[in-house]
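Asks: Okay, handing you the structure first.
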Ligand code: GDP
Ligand code: CA
């Protein structure tokens, strides 16, 4: 049995901790639109969150980066007023970016580089970036410096989204190709799951890579999404702020409707799993089911994944 999962960073990583307990071959297609270059190094926050979490190397309290991390290089860079002081780069984490950048500079694609990094981390699932091409989420904002586009990480980490915001732009997406193996993984899966990740800046950029939405709409396998919103709030993170920028309500209903039913317009879903507190949710054209959606442990999260598959009568 094969399962393909679309994922962002922390929400995606936690979801995969449950999915990988199923008796299935799992391929995760990871958002790379958060990626940025700092000090000449290519940083891939979502790929690293997933890799460190599944490889048992993530900091459980902080939620991002490595456990037992130190910030010696980062504080030295700050003394120089070097670029992006708002973005923490841990010493251990820097080693990942050094290895990645060296391999990219030598001509390897991000997919091959990720596979090489995963030889160390052994995540237990196949990790594929959504694309080897550079796609970056930029955010159109206005403040006393006028109207301009900033990198998503600057918007998120530096401003915490608290700045007048017009819209998100997935720069490079229209020209990007799905990474090697992505279309095959989606086409050959027995079921496709959309993780409870940020719908606006984690899942939407993946769907924005030409070819990915199309294969989801045409595959014979069922596609099920899991809501990242419970009772009108994101459990962790800032999905609420991102939905607000789009003018969407912060509800499980609105997010399910954004992804939309497969037989309608541009939709990608057959079914949508919401939390028990949202059990009255209905969306035209979609099977909606409910289950506890708090990812409090890998066991609880495995039960979520099973509930998602049961909605489309797939048994793992
Ligand atoms: P990021 O890239 O690190 O921001 O992580 P993701 O995009 O993968 O996921 C972030 C989103 O996951 C948050 O905005 C929440 O909406 C959602 N999330 C986090 N924890 C939980 C949980 O326990 N249950 C559910 N249903 N959603 C969660
Ligand atoms: Ca992210």
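Asks: Evaluate 2.2 N^0.38 Å with N set to the residue count of the range 41-87, then give the Cα radius of gyration divided by it. Don't skip to the end; give the middle numbers.
Replies: Working: Rg = 12.2 Å, N = 47, 2.2 N^0.38 = 9.5 Å.
The value comes to 1.28.
Asks: How long is the gain from residue 105 to residue 236 if the chain were fully straight, where each residue apart is worth 0.36 nm and the alpha carbon distance is subtracted?
Replies: 43.6 nm
Asks: Now a separate question. Compute the long axis of helix 10-19 from its Cα atoms, compare it with the longest principal axis of the Cα atoms of the chain, and write down the angle in degrees, 0 to 90, nearest 10.
Replies: In the chain, helix 10-19 runs at an angle near 50 degrees to the longest axis.
Asks: When the distances between all Cα atoms of the chain are binned every 20 Å from zero, what whole-number percent does each bin get?
Replies: Result, from short to long distances: 34, 59, 7 percent.
Asks: Let me see the P(r) profile for the range 90-199: every Cα-Cα distance counted, bins of 10 Å, each bin given as a percent of all pairs.
Replies: Each 10 Å bin holds this share of Cα pairs: 12, 30, 36, 20, 3, 0.
Asks: Give me the number: length gained by fully extending residue 67 to residue 88, i.e. 0.36 nm times residue separation minus the C-alpha to C-alpha distance, one decimal in nm. Present the calculation step by step, with values, prior to reporting the outcome.
Replies: On the way: separation 21, 0.36 × 21 = 7.56 nm, distance 1.40 nm.
In short, 6.2 nm is gained.
Asks: Give me 73, 192 sorted ascending by neighbouring Cβ count inside 10 Å, so fewest comes first. It would help to have the intermediate numbers written out before the result.
Replies: Working: 73 14, 192 27.
Lowest to highest Cβ neighbour count: 73, 192.
Asks: Return, ordered by residue number, the residues of the range 22-48 whose backbone nitrogen is under 16 Å from a label point located 7 Å along Cα→Cβ of residue 116.
Replies: 41-44
Asks: With angles folded into 0 to 90 degrees, how steeply does helix 298-311 sit against the dominant principal axis of the chain? Use alpha carbons for both and round to 10.
Replies: 40
Asks: Counting pairwise Cα distances across the range 1-102, what percent come out greater than 18 angstrom?
Replies: For the range 1-102, the share of Cα pairs beyond 18 Å comes to 51 percent.
Asks: With a 10 Å Cβ neighbour count serving as the proxy for reagent exposure, in which order, fewest first, do 297, 290 appear? It would help to have the intermediate numbers written out before the result.
Replies: Details: 297 12, 290 19.
So the residues, fewest neighbours to most, are 297, 290.
Asks: A further question follows. Counting other beta carbons within 10 Å of each Cβ, put 137, 282, 101, 53 in order, fewest first.
Replies: Working: 137 27, 282 9, 101 17, 53 23.
Fewest to most other Cβ atoms nearby, the residues stand as 282, 101, 53, 137.
Asks: Need the C-alpha centroid separation for the range 254-316 versus the range 42-121, integer Å.
Replies: 32
Asks: Would the range 72-149 count as rounded, prolate or oblate if I go by the C-alpha gyration tensor, calling it rounded below 1.5 in a/c and otherwise prolate when a/b exceeds b/c, oblate otherwise?
Replies: Details: a/c = 2.46, a/b = 1.43, b/c = 1.72.
Verdict is oblate for the range 72-149.
Asks: Between 0 and 90 degrees, rounded to the nearest ten: what's the tilt of helix 45-54 against the longest Cα principal axis of the chain?
Replies: Roughly 70 degrees between the two axes.
Coordinate-derived values only; no laboratory data. Remember, it's a predicted structure, so these values are computed and weren't measured experimentally. Virtual Cβ from ideal backbone geometry, glycine too; neighbours counted across all protein chains shown.
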